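Notes follow the structure.
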């Protein structure tokens with residue numbers, strides 16, 4: 001099992017925010033969310049007997065200034081032979097028009113730096129150009145796609161319109177920043193919050209807000225002829241303001257849950273100045 005399979009990018013988990021022209025940009029809530037991670041299930045083939053950890057996701061920005069995400073994903077992975085501590089630290093910035101996306105990710109194993117990926121992706125008329133600075137300088141040309149904040153805006157827009165199934169694509173700079181992912185999105189009917197919801201204390205004043213149940217499957221779109229089995233899936237509850245919770249992250253051989261335990265709401269950005 002590759003350690004990198006446990007590292008989820010911030011975009012995928014915020015789910016995932018700006019400008020798809022077909023939709024008005026929703027009022028996305030700047031916030032800091034903390035999730036406790038636990039093993040949900042694991043096959044014998046995975047060799048995993050336990051997973052515990054914490055995920056911290058911080059989202060800031062506006063539709064006129066762009067969006068910044070800071071993300072940390074720490075897990076202790078227990079197998080029959082060893083215990084490992086993995087730590088991914090990611091910072092991304094997506095400009096307000098969804099034309100550029102900068103990213104830097106540092107991955108640690110047992111507190112030792114295992115990998116650093118840094119670069120910038122730029123959307124052009126014919127596709128995506130990715131300039132990578134680390135681990136080695138390189139330039140890639142990828143298929144036309146969107147970035148994480150756009151992906152979330154599209155998701156909320158379609159959910160608001162009652163569309164419950166669609167496919168789209170995504171570049172988030174994860175792993176080696178060398179591929180576009182195809183995503184299949186299933187959106188359930190908007191649901192009322194339950195009084196017995198274990199995440200209600202962390203949600204505080206948002207505890208009564210309605211949400212959509214969402215399931216997203218991610219496929220590797222690198223010319224393999226269309227994979228029928230996704231690399232991984234994420235299901236979660238999505239609020240209108242972009243906050244996500246009650247996560248289930250499924251990697252095939254194993255899956256884990258992420259339960260919201262703390263939520264800090266930041267002041268909203270001021271309205272964009274009127275154009276002259």
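Overview of values
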quantity	calculated
Pick from the range 59-78, criterion part of a strand (DSSP E or B) and farther than 24 Å from residue 112 by Cα, ranking: modelled with the lowest pLDDT	62
Residue 9, sole failed condition from (1) modelled with pLDDT of 90 or more; (2) within 23 Å of residue 212 (Cα to Cα)	(1)
Which numbered condition residue 42 fails, given (1) more than 24 Å from residue 176 (Cα to Cα); (2) out of contact with any helix residue (DSSP H, G or I) (no Cβ under 8 Å at 6 or more places or on another chain); (3) modelled with pLDDT under 90	(3)
Enumeration of residues in the range 139-175 that are more than 16 Å from the chain's Cα centre (by Cα) and not in a strand (DSSP E or B)	143, 144, 157, 158, 159, 160, 161, 162, 163, 164
Residues satisfying the stated conditions in the range 209-236, i.e. touching a helix residue (DSSP H, G or I) at 6+ places or on another chain (Cβ under 9 Å), modelled with pLDDT of 95 or more and assigned to a loop (DSSP other than H, G, I, E, B)	209
Exclusive hit being part of a loop (DSSP other than H, G, I, E, B) and under 21 Å from the mean Cα position of the chain (by Cα), set 81, 97	97
Some residue of the range 192-200 being over 13 Å from the mean Cα position of the chain (by Cα), part of a helix (DSSP H, G or I), modelled with pLDDT of 95 or more and closer than 30 Å to residue 87 by Cβ	yes
Condition check for residue 215: crowded, with 20+ Cβ neighbours inside 10 Å and closer than 20 Å to residue 57 by Cα	no
Single condition residue 76 does not satisfy, out of (1) surrounded by 19 or more Cβ atoms within 10 Å (Cβ to Cβ); (2) farther than 17 Å from residue 173 by Cα; (3) touching a strand residue (DSSP E or B) at 6+ places or on another chain (Cβ under 7 Å)	(1)
From the options 244, 182, residue that is under 15 Å from the mean Cα position of the chain (by Cα) and within 24 Å of residue 39 (Cβ to Cβ)	244
Which listed residue is out of contact with any helix residue (DSSP H, G or I) (no Cβ under 9 Å at 6 or more places or on another chain), within 29 Å of residue 76 (Cα to Cα), buried (at least 19 other Cβ atoms within 10 Å of the Cβ) and at pLDDT 95 or above, from 117, 104	117
Hits in the range 85-98 - residues which are surrounded by fewer than 17 Cβ atoms within 10 Å (Cβ to Cβ) and modelled with pLDDT under 95	97
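The values are calculated or read from the model by the stated rules, or taken from the named source; none is laboratory data. Quick caveat: nothing in here was measured; it's all calculated off a predicted structure. Cβ sites come from the backbone with ideal geometry, for glycine too, and all protein chains shown count toward neighbours.
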